[in-house]
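Peer 1: One structure, as structure tokens, below. Some questions next.
The values are calculated or read from the model by the stated rules, or taken from the named source; none is laboratory data. None of the values given here were measured: they were computed from a predicted structure. Here the Cβ is made from the backbone with ideal geometry for all residues, glycine too, and neighbour counts use every protein chain on show.
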Amino acid sequence: MVTSAQTLIAIILLPLIKRVRRRVLWFVSMFGTIICLSAELVFEVVNVNQKVIVPIKISLTGLYLVFYFIGLGPLFMVIQAEIFPKAVKTQFMNITMSISWVVYIITTQIYPLIPFWSSYAIYIGIEVVCAAVLFKYLPETHNKTLEEITAMVTKKEPDQIQI
């Protein structure tokens, strides 16, 4: 089910990435996942009739997946491919992917040790902090050349960049 949803969303997303600004997609995705997880956390902590809650939680999980796959999932690779200078792109992409996999492994090892509801709270907290940092530091790369992006990141004029 998740793979088919991921494939469908990727087919829809590819033309969207070309038309919509990356920061907009990133933050819509990020805040959408925060809202879905916050609602799931509330339903997890509050004791309500399970017959009422289960369909809502399933819907929230599906909506979370949609928000995740329109931004946080695929844009991670797109933005890092655009932002890193050509001279160090391979090394930096390897470093970021390694860090990503280490975090995945740590997450899967820690998850069984913490109460179920706290995983929502931890992830929401991390996402809020990341949203604040990215809002300040993530440049818009949509419709910009590699030279313009490198100039934004390094604070140099585009004609001074050697690629």
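Peer 1: Output the residues belonging to segment 63-84 that are in contact with a Ser or Thr (Cβ under 6 Å, 6 or more places away or on another chain) and closer than 20 Å to ARG23 by Cβ. Don't jump to the end; show me each part of the working.
Peer 2: We begin by selecting, within segment 63-84, every residue in contact with a Ser or Thr (Cβ under 6 Å, 6 or more places away or on another chain); these are 64, 67-68, 70-72, 80, 82.
Of everything in segment 63-84, those that are in contact with a Ser or Thr (Cβ under 6 Å, 6 or more places away or on another chain) and closer than 20 Å to ARG23 by Cβ turn out to be PHE67, TYR68, ILE70, GLY71, LEU72, GLN80, GLU82.
Peer 1: Something else now. Filter segment 28-83 down to the residues that are farther than 22 Å from TRP117 by Cβ, touching a helix residue (DSSP H, G or I) at 6+ places or on another chain (Cβ under 7 Å) and in contact (Cβ under 8 Å) with a residue 24 or more places away in the chain and list them by number.
Peer 2: Answer for segment 28-83, where residues must be farther than 22 Å from TRP117 by Cβ, touching a helix residue (DSSP H, G or I) at 6+ places or on another chain (Cβ under 7 Å) and in contact (Cβ under 8 Å) with a residue 24 or more places away in the chain: VAL28, SER29, VAL66, PHE69, ILE70, GLY71, PRO74, LEU75, VAL78, ILE79, GLU82, ILE83.
Peer 1: Further question on the same structure: List every residue pair whose Cβ atoms lie under 8 Å apart, where the two residues are 6 or more positions apart in sequence or sit on different chains, the first residue falls within segment 95-111 and is over 20 Å from ALA121 (Cα atoms), and the second residue, located anywhere, is outside any helix (DSSP H, G or I) and at pLDDT 90 or above.
Peer 2: Note: no pairs meet the criteria.
Peer 1: When you check GLN80 against the structure, is it closer than 23 Å to VAL129 by Cβ, surrounded by fewer than 15 Cβ atoms within 10 Å (Cβ to Cβ) and not β-branched (Val, Ile, Thr), yes or no?
Peer 2: Numbers: closer than 23 Å to VAL129 by Cβ: yes; surrounded by fewer than 15 Cβ atoms within 10 Å (Cβ to Cβ): no; not β-branched (Val, Ile, Thr): yes.
When the stated conditions are applied, GLN80 does not pass them.
Peer 1: From VAL102, VAL133, which residue is surrounded by fewer than 13 Cβ atoms within 10 Å (Cβ to Cβ) and within 16 Å of the chain's Cα centre (by Cα)? Break it down into steps so the answer makes sense when it comes.
Peer 2: Details: VAL102 fails: within 16 Å of the chain's Cα centre (by Cα).
Testing whether each residue is surrounded by fewer than 13 Cβ atoms within 10 Å (Cβ to Cβ) and within 16 Å of the chain's Cα centre (by Cα) leaves just VAL133.
Peer 1: Sticking with this structure for a sec: Please pick out the residue among THR90, THR107 that is among the hydroxyl-bearing types (Ser, Thr, Tyr) and within 23 Å of ARG22 (Cβ to Cβ). Lay out the reasoning, then the answer.
Peer 2: Values: THR107 fails: within 23 Å of ARG22 (Cβ to Cβ).
Matching residue, one of THR90, THR107: THR90.
Peer 1: Is it fair to say LEU60 is among the aliphatic types (A, V, I, L, M), over 11 Å from the mean Cα position of the chain (by Cα) and modelled with pLDDT of 85 or more? So that I can check it myself, show each step before the final result.
Peer 2: Details: among the aliphatic types (A, V, I, L, M): yes; over 11 Å from the mean Cα position of the chain (by Cα): yes; modelled with pLDDT of 85 or more: yes.
Spelling it out, LEU60 is indeed among the aliphatic types (A, V, I, L, M), over 11 Å from the mean Cα position of the chain (by Cα) and modelled with pLDDT of 85 or more.
Peer 1: Let me ask another. Which condition number does LYS89 fail, the rest of (1) surrounded by fewer than 16 Cβ atoms within 10 Å (Cβ to Cβ); (2) of a type outside the set (A, V, I, L, M); (3) in contact (Cβ under 8 Å) with a residue 24 or more places away in the chain being met?
Peer 2: For LYS89, the failing item is (3).
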